[in-house]
Structures are given as C-alpha cells and as structure tokens.
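*Asks:* Quick one: structure below, then a few questions.
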Amino acid sequence: MGFAVSICGVQSIHSLCYNPEVRLKKKDRLAGVLENEAEGKKYAEHAVRKFVRNRAPEIMPSINFFFADPTRN
C-alpha cells in the first residue's frame, strides 16, 4: 500500500514540476492557453524516449532470442 501511494506521489510531483500545461503561479494562469510549441516538444521528447527510439521493442531480448531461434531443436 505504501509503495502505491509513493508512486502516486512521485507522479503527482513530477506532473506539477515538469508538465508545461500545469501552471501554479497566478500570473502564469492568467495568460490563458499558451502556444509554446518548443516547450511542449521538449516535454514530449524526453531523454528516455530518445534513448529507446532506435531500439527493438523487447523486454528481455536474450529470452526472446532463445525461444525464437529456428536452429534450436
């Protein structure tokens, strides 16, 4: 139970600090809808997404290779 609450808390803090759509200051909220494409692109193209972009979508490549190897009898 504590683990689930901590994950929820970390996700909430992350969204509050890094999401460009969340504005905590009143001055920022008064601006309305911002068309800041560069900030949105920076948020969407984070380091993890850049790291896995050119990799095969496999969780455990060695196990997948072991069971999919046609030369194995």
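The values are calculated or read from the model by the stated rules, or taken from the named source; none is laboratory data. All of these numbers come straight from a predicted model, not from anything done at the bench. Cβ coordinates were reconstructed from backbone atoms using ideal geometry, including for glycine residues, and neighbour counts include every protein chain displayed.
*Asks:* Pairs under 7 Å by beta carbon, first residue modelled with pLDDT of 80 or more in segment 47-73, partner surrounded by 10 or more Cβ atoms within 10 Å (Cβ to Cβ) and in a loop (DSSP other than H, G, I, E, B), six or more apart or different chains?
*Replies:* 64/58
*Asks:* For residue 24, all conditions in the list (1) more than 17 Å from the chain's Cα centre (by Cα); (2) at pLDDT 80 or above hold save one; what is the number of the exception?
*Replies:* Single failed check for residue 24: (2).
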